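Asker: First the structure, which I've put down as structure tokens, then a few questions once you've had a look.
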Amino acid sequence: MRLDQGLGVLVLMFGALAQAAEVPYAAVTTDGSITFPADYGSHPAFRTEWWYVTGWLKTRSGQDLGFQITFFRSKPGVDADNPSAFAARQLLIAHCAISDPERGRLWEDQRIRRSGFGLAEASETDTDVFIGRWSLKRVAGKYAASIDAEDFAMTLSFLPLQAALLNGRSGVSRKGPSVKSASYYYSQPHLQVTGTVRRGGRHDDVSGEAWLDHEWSSEYLDARSVGWDWIGINLADGGALMAFRIRGQDNEVRWAGGTLRDSDGTTHTLEPGDVEFQRQREWRSPRTGILYPVQWHVRAGSRQFDLEPLMNDQENDTRLSTGAIYWEGAVRAMEGNSMVGRGYLELTGYGEKLKLR
């Protein structure tokens, strides 16, 4: 176990930190809104934040790959008056994975470090977050990611082809019956991707399309919520779909929502009654025994999609950093017999309740 990963087991972003300290966190407010360029950067007054990039890549030989790069920032329960330079006032965590059908399972890795000392930082002025040699940054309107993991690597450039998509009401996205359960949330769909990928000793030039989410909150899930199902789909006609549902015990739907952008740029905010997830097929992990619904029928407003995974085994084991095991993978979106988009599906809280505190 790496030293920085061992630290993560003790001070998990998602919940194992001591609760004794009374730490004030900024709140998401219903009269708030997202503004650029200020909100490209980090928001350290909030408890939890993430930058999340997913997409489909194609090698020169024509092989399809999925990829995921996520950086988290967490404000733990550390007294702000603690004078120690070693106090973990902010924690930074990163996950990355490549979905490789030829391998049949993910290439995956993770990192965790406290911020500071030039080893890990998240800039407040723009998207610029790094942990050692892992980084995601925005420069001159483009994003760039560099991941150098033990068995694989990615160096990717992302060019936005559309304006950012504000989710919820002006970027305020409800996550539960209480207005306190909410996040500030925007997406950047239809990112044009170029770069290189290494898997073991194999190096490939790749191109493709990606989706970026940036979200921050202090009270994301209420006490009765166990996890969520989420999709971000780049539609082939130039449209985009983000949809989610928050699940409670016994698959109870605590909340749902989303955003649908038409090909002409018209944006529809999806309310809880506009979104429905129906599981179609399940897959059981041979490692954890967790049963995941990997194929879905999703209703989003007036449109209905069937989601088919690039491969079944896209289970992420991040117990050395966030403490969570979840399924996150590349999917195709079908309408009838036609493929109309590609994107990512995330399934959390199926093995055990997801803890965000």
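The values are calculated or read from the model by the stated rules, or taken from the named source; none is laboratory data. These figures come from a predicted structure and were not determined experimentally. Note that we place each Cβ from the backbone using ideal geometry, even for glycine, and neighbour counts take in every protein chain shown.
Asker: Examine region 251-261 for a residue that is hydroxyl-bearing (Ser, Thr, Tyr), crowded, with 21+ Cβ neighbours inside 10 Å and at negative phi, and state whether such a residue exists.
Answerer: So far as region 251-261 goes, yes, one or more of its residues are hydroxyl-bearing (Ser, Thr, Tyr), crowded, with 21+ Cβ neighbours inside 10 Å and at negative phi.
Asker: Exactly one condition in (1) assigned to a loop (DSSP other than H, G, I, E, B); (2) out of contact with any Pro (no Cβ under 9 Å at 6 or more places or on another chain) is false for THR125; which is it?
Answerer: (2)
Asker: Scan region 326-346 residue by residue and report those that are at pLDDT 95 or above and either assigned to a loop (DSSP other than H, G, I, E, B) or of a type in the set (D, E, K, R) (or both).
Answerer: Selection gives GLU328, ARG332, GLU335, ARG342, GLU346.
Asker: Counting only residues that are within 15 Å of the chain's Cα centre (by Cα) and in a strand (DSSP E or B), which one in region 305-325 is surrounded by the fewest Cβ atoms within 10 Å (Cβ to Cβ)?
Answerer: ASP317
Asker: Given VAL197, VAL206, VAL226, VAL179, which one is within 30 Å of LYS353 (Cβ to Cβ), in a strand (DSSP E or B) and not hydroxyl-bearing (Ser, Thr, Tyr)?
Answerer: Residue meeting the stated conditions: VAL226.
Asker: Here's another thing I want to ask about it. Restricting attention to region 131-159, report how many residues are part of a strand (DSSP E or B) and either among the polar types (S, T, N, Q) or free of Cβ contacts under 8 Å to residues at least 24 places away in the same chain (or both).
Answerer: The number of residues fulfilling the criteria is 9.
Asker: How many residues does region 130-147 contain that are surrounded by fewer than 18 Cβ atoms within 10 Å (Cβ to Cβ) and either in contact with a helix residue (DSSP H, G or I) (Cβ under 8 Å, 6 or more places away or on another chain) or of a type outside the set (A, V, I, L, M) (or both)?
Answerer: Looking only at that region, the number is 6.
Asker: Scan region 275-290 and tell me whether some residue there is farther than 19 Å from LEU354 by Cβ, surrounded by 14 or more Cβ atoms within 10 Å (Cβ to Cβ) and in contact with a helix residue (DSSP H, G or I) (Cβ under 7 Å, 6 or more places away or on another chain).
Answerer: no
Asker: So THR125 clears everything in (1) under 22 Å from GLY238 (Cβ atoms); (2) loosely packed, with under 15 Cβ neighbours inside 10 Å; (3) of a type in the set (Val, Ile, Thr) except one condition, right? Which one?
Answerer: (1)
Asker: (1) among the aliphatic types (A, V, I, L, M); (2) farther than 30 Å from THR30 by Cβ; (3) assigned to a loop (DSSP other than H, G, I, E, B): which one isn't true of ALA163, the others all being true?
Answerer: (2)
Asker: Another one. Does region 248-270 contain at least one residue that is more than 30 Å from SER74 (Cα to Cα), in a loop (DSSP other than H, G, I, E, B) and acidic (Asp, Glu)?
Answerer: Among the residues of region 248-270, at least one is more than 30 Å from SER74 (Cα to Cα), in a loop (DSSP other than H, G, I, E, B) and acidic (Asp, Glu), which makes the answer yes.
Asker: Moving to a separate point now. So GLY168 passes all but one of these: (1) surrounded by fewer than 22 Cβ atoms within 10 Å (Cβ to Cβ); (2) at positive phi. Which condition number does it fail?
Answerer: The failed condition is (1).
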